[in-house]
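The next block holds one structure in the form of structure tokens; read it before the comments.
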Amino acid sequence: MIDPIELMTLFLFSIIVYSIPLLYGTVGEIMVEKSGSLNLGVEGTMAVGAVIGYIVGCRADSIVAAMAVAFAMAALVGALFAFLTVTLQANQNVTGLTITTFGVAVYFFIGNALGNKWPQFQDSPGFAEGFSVIRIPFLSDIPVIGKVLFSHNIMVYMAVAIAILCWFYLNRTVPGLRLRAIGENPAAADSLGVKVALNKYIHIMVGSGIMGLGGLYMGLNMGGTFEGSNCWINGYGWIAIALVIFVNWSPAMAVAGTFVFGFFNTLRMYNGALASTFPEVLGWLDDIPAQFFSALPFIITLLVLIIDSLRKNKRSGQPKAIGLNYYREDR
Amino acid sequence: MKKVISLIITAAIMAVSLFTFAGCGAKDGDNGQGDFIVGAIYINSQNDTSGYTYAHHKGLVKAMQDLGLDTTRHLKIVDNVEEDDMAVSNAIDLLAGQGCDIIFGISFGYINAMKEKSEEFSDIVFSHATGYMSNDTNFNNYFGRIYQARYLSGIAAGFKSLALGNNNIGYVSAWGTEYAETCSGINAFALGARSVNPDAVIHVKKISAWGDQEKERQAAEVLIDTYDCCVIGQHCDSAQPQLVAQEKGMFGCGYNSDMTSQAPNAHLTAPIWNWDVYYRYAIETAMNNPASQFVSTVGNYYGGLVEGMVDLTPLSANCEPGTDEAIRLAREAMVTGTWDVFSGSKLVFTVRGGNVEMSIVGDALLDNAGNEIVPAGGPSVDDGVIQGSMNYYLEGVIAE
């Protein structure tokens, strides 16, 4: 049987690998929501960024090209969302759902249209090399921690860096604080001379671009194969929306929050190994149905929502004006 | 007065047109070869490029082409139909309205709606894949002995594990003992592997979903990383387990399609379905007989290697020497009917001086708790058990 320490290392490593798309999705959605827009189109935005980014990455044989295109295409989907909700004042919920349907459909449309011409990841050595593990001298050699935290590909490190950057931006910079003012009370921000529509456009697009990177990561993590009726994103966009609430709209908390979600997701696969390696402590894991593990993150979100609404002196991070369109002439 | 007259005229026109259309309908329903219409209800999109629906659609199109039926005119499809009685009933009504003479439903959950509608439309044949219900006239079910093909793929896995000196073989399964379909597949794969390497152990990781790429990948990673598995078999839709095997320098047996193109350095061979074998038979029968005699002619269909309903993809270059000869011998034993997988005798393969020898040895079929399923030398378990009630793992299988 496997060494217990090695098993724990593999388990923790796997949690990180499968949490990263959620981190991209969540941080992207926080940027969008902080501008006062509720974008339910995360799933579709990720799908568009993923599929186009992947194909261009294969053609160009470069992960930088893939990331740039994934970001740009997802940002374009974000621009569509912004045009509909900010300029045309369409209902945000309906528009978001439309974006999801649209984005996933684009994914299947492109995949089915390419058919046998779908590019294989292994045929693009430069691209695959760019997504391979980056070993950090000294750090990667530390037992357990080296494997768990410092043996990942560039996009894993980037996700954490983006999360921290976004946190800094929202809390410590003037444009970030302006953005939060728009999310809380766009009329007040407007009266102070903040350009509401422009700011909304920019942040919806940047947030969507970040989601697109998450989609690309998922696709690459799956080895870039297109499977008929199974989309890479596979519901992660929806979990990301739930996570935004779970982490109270904080990109820094998102790093921890996504790993809680990833923990249960991975536990579902490792339960047998953990139960047989630690029979006294974790033997009960074997008896829990897989469906319960899948439901657990959502049960936790429900609990967080309930606790949050029961708290008296709440300091919720939810922007006050979220979901409401801002119409200047209404002031 | 004018109103009353116009009302009567309108009613008369409607009545006449109704009778006329009804007359047309009767003519259309005539089982002439020229206007034979095939209907199909799919769980996923007809435009899929791999997976379960794709395999059925490909088989149906091939069968119709073989029979000289133009699929643009004679094939009506309703796809993306969920396993919901109302949705399936609507799909059937739609197909019946388009004049279908036979309707195939490919997913298990269509069972109740198909049974009910087969009573309502007694002049249409209803044929249900993977189900267990039927009647005496126009409603049957069809499936295949995929376990036979899985046994053969197990032989390839057994040779590989023997050559690598590693007895741990993994298996990513959609479900475990909950469904006889997955359970019998796992057991057959295990028997095949152990016919070559008697010490082989099959570690089964179920993902509790029929299709979930990400879980399929993660399960394969767990099997290779923590259980040290050197070959990964699978009963799930995507090629993820094969991709993982390739990334980690291991080997695998796919399912449903030749996954050698996706994992050229890892894939050995894959059990596959040839649904066209049944579709050709069923459509031809329905074309030449009234719907009421369909079941008395075709019955409930359960084709295997003999009929060509199930098969194995060509062995890849990753297979060990001797694999093809062993598979040929085992296939022959099944095709000639001298031996079948779940019986009280086992095939044993030995390699001597580069030659593969096969012997049939009387040996009790035991489950993994040591209970006897079939005594040594006993006959095969019933088809009903393989299709419907097998809910135990055999010796050498461990649920992880």
Residues located in the range B:190-230, provided they are touching a Leu at 6+ places or on another chain (Cβ under 9 Å) and facing chain A (nearest Cβ under 8 Å): B:K205, B:R217, B:E221, B:V222, B:D225, B:T226
Of (1) in a helix (DSSP H, G or I); (2) closer than 16 Å to B:F294 by Cβ; (3) of a type in the set (G, A, S), B:S122 satisfies all except one. Which? (1)
Enumeration of residues in the range B:48-104 that are touching a residue at least 24 places away in the same chain (Cβ under 8 Å) and polar (S, T, N, Q): B:S50, B:T53, B:N80, B:S89, B:Q98
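Could you tell me whether A:P175 is at negative phi and not in a helix (DSSP H, G or I)?
Numbers: at negative phi: yes; not in a helix (DSSP H, G or I): no.
No.
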When residues of the range B:204-220 are filtered for being crowded, with 23+ Cβ neighbours inside 10 Å and either closer than 24 Å to B:F159 by Cβ or hydrophobic (A, V, I, L, M, F, W, C) (or both), how many remain? 5
When (1) surrounded by 24 or more Cβ atoms within 10 Å (Cβ to Cβ); (2) within 12 Å of chain A (Cβ to nearest Cβ) are applied to B:G233, the one that fails is (2)
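Examine the range B:35-42 for a residue that is within 14 Å of another protein chain (Cβ to nearest Cβ) and at pLDDT 90 or above, and state whether such a residue exists.
Within the range B:35-42, the subset within 14 Å of another protein chain (Cβ to nearest Cβ) is B:42.
Pick out the ones that are also at pLDDT 90 or above and you get B:42.
Yes, the range B:35-42 contains a residue that is within 14 Å of another protein chain (Cβ to nearest Cβ) and at pLDDT 90 or above.
Given the criteria crowded, with 21+ Cβ neighbours inside 10 Å and modelled with pLDDT of 95 or more, does B:A263 qualify? Talk me through it step by step, then tell me what you get.
Working: crowded, with 21+ Cβ neighbours inside 10 Å: yes; modelled with pLDDT of 95 or more: no.
Criteria not met by B:A263.
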Test result for A:G53, closer than 20 Å to A:S316 by Cα and either assigned to a helix (DSSP H, G or I) or out of contact with any strand residue (DSSP E or B) (no Cβ under 9 Å at 6 or more places or on another chain) (or both): no
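If I ask for residues that are touching a residue at least 60 places away in the same chain (Cβ under 8 Å), under 15 Å from A:G25 (Cβ atoms) and more than 9 Å from every other protein chain (Cβ to nearest Cβ), which ones from the range A:252-265 would you list? Let's see the steps before the verdict.
Taking the range A:252-265 as the starting set, the residues that turn out to be touching a residue at least 60 places away in the same chain (Cβ under 8 Å) are A:252, A:254-255, A:257-259, A:261-263, A:265.
Narrowing the set further to residues that are under 15 Å from A:G25 (Cβ atoms) leaves A:254-255, A:257-259, A:261-262, A:265.
Within the range A:252-265, A:A254, A:V255, A:G257, A:T258, A:F259, A:F261, A:G262 qualify.
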Answer yes if at least one residue in the range B:177-189 is touching a strand residue (DSSP E or B) at 6+ places or on another chain (Cβ under 7 Å), closer than 26 Å to B:D383 by Cβ and surrounded by fewer than 24 Cβ atoms within 10 Å (Cβ to Cβ), and no otherwise. yes
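Are any residues in the range B:211-222 without any contact (Cβ under 8 Å) to a residue 60 or more places away in the chain and more than 19 Å from A:L12 (Cα to Cα), and if so, which ones?
Residues of the range B:211-222 that are without any contact (Cβ under 8 Å) to a residue 60 or more places away in the chain, as a first pass: B:212-221.
Of everything in the range B:211-222, those that are without any contact (Cβ under 8 Å) to a residue 60 or more places away in the chain and more than 19 Å from A:L12 (Cα to Cα) turn out to be B:D212, B:Q213.
For the range B:294-389, which fully contained strands (runs of 3 or more DSSP E) count at least 2 residues that are more than 17 Å from B:R150 (Cα to Cα)? First the steps, then the outcome.
Details: elements: B:301-303, B:310-312, B:345-352, B:355-362, B:372-374.
The qualifying strands (runs of 3 or more DSSP E) are B:345-352, B:355-362, B:372-374.
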Extreme residue, surrounded by the fewest Cβ atoms within 10 Å (Cβ to Cβ), among residues of the range A:119-137 that are at pLDDT below 90 and not in a helix (DSSP H, G or I): A:P137
When the residues of the range A:266-304 are filtered to those that are within 14 Å of another protein chain (Cβ to nearest Cβ) and aromatic (F, W, Y), which remaining residue is surrounded by the most Cβ atoms within 10 Å (Cβ to Cβ)? A:Y270
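Only one residue in A:W249, A:W232 is more than 13 Å from chain B (Cβ to nearest Cβ), buried (at least 21 other Cβ atoms within 10 Å of the Cβ) and outside any helix (DSSP H, G or I), so which one is that?
After ruling out the rest, the residue left standing is A:W249.
Quick check on this structure: which one of B:S389, B:S380 is surrounded by fewer than 16 Cβ atoms within 10 Å (Cβ to Cβ), touching a residue at least 40 places away in the same chain (Cβ under 8 Å) and either of a type in the set (G, A, S) or under 26 Å from B:P314 (Cβ atoms) (or both)?
Numbers: B:S380 fails: surrounded by fewer than 16 Cβ atoms within 10 Å (Cβ to Cβ).
The conditions single out B:S389.
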Which condition does A:G183 not pass, out of (1) surrounded by 23 or more Cβ atoms within 10 Å (Cβ to Cβ); (2) more than 14 Å from chain B (Cβ to nearest Cβ); (3) at pLDDT below 90, if it passes all the others? (3)
Picking from A:G103, A:G96, A:G183, which residue would you name as being in contact with a helix residue (DSSP H, G or I) (Cβ under 6 Å, 6 or more places away or on another chain), in a helix (DSSP H, G or I) and farther than 19 Å from A:I52 by Cα? A:G183
Quick check on A:I5: is it modelled with pLDDT under 95 and either surrounded by fewer than 20 Cβ atoms within 10 Å (Cβ to Cβ) or not charged (D, E, K, R) (or both)? yes
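Give the residue that is nearest to B:G192 (Cα to Cα), with candidates limited to residues of the range B:247-278 that are within 14 Å of chain A (Cβ to nearest Cβ) and among the hydroxyl-bearing types (S, T, Y). Let's see the steps before the verdict.
Residues of the range B:247-278 within 14 Å of chain A (Cβ to nearest Cβ): B:247-249, B:252, B:254-267.
So of that shortlist, the ones also among the hydroxyl-bearing types (S, T, Y) come out as B:255, B:257, B:260-261.
Numbers: B:Y255: 16, B:S257: 20, B:T260: 21, B:S261: 24 Å.
Once the filter is applied, the top-ranked residue is B:Y255.
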Could you count how many residues in the range A:188-247 are free of Cβ contacts under 8 Å to residues at least 24 places away in the same chain, in contact with a Lys or Arg (Cβ under 8 Å, 6 or more places away or on another chain) and not β-branched (V, I, T)? 2
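Yes or no, residue by residue, for (1) more than 23 Å from B:S107 (Cα to Cα); (2) assigned to a helix (DSSP H, G or I); (3) not assigned by TED's automatic domain parsing to the domain that holds B:E82:
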position: B:G192; (1), (2), (3): yes, yes, yes
position: B:P198; (1), (2), (3): yes, no, yes
position: B:V204; (1), (2), (3): yes, no, yes
position: B:S208; (1), (2), (3): no, no, yes
position: B:L223; (1), (2), (3): yes, yes, yes
position: B:Q234; (1), (2), (3): no, no, yes
position: B:A245; (1), (2), (3): yes, yes, yes
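Suppose we keep only residues that are β-branched (V, I, T) and in a helix (DSSP H, G or I) within the range A:186-218. Which one would you say is farthest from A:A50 (Cα to Cα)? Break it down into steps so the answer makes sense when it comes.
Going through the range A:186-218, the residues β-branched (V, I, T) turn out to be A:194, A:196, A:202, A:204, A:206, A:210.
Now drop any that are not in a helix (DSSP H, G or I), which leaves A:196, A:202, A:204, A:206, A:210.
Values: A:V196: 30, A:I202: 21, A:I204: 18, A:V206: 16, A:I210: 11 Å.
This residue is A:V196.
The values are calculated or read from the model by the stated rules, or taken from the named source; none is laboratory data. Since we're looking at a predicted model, the values are computed, not measured. Ideal geometry is used to build each Cβ from the backbone, glycine not excepted, and the neighbour counts take in all protein chains shown.
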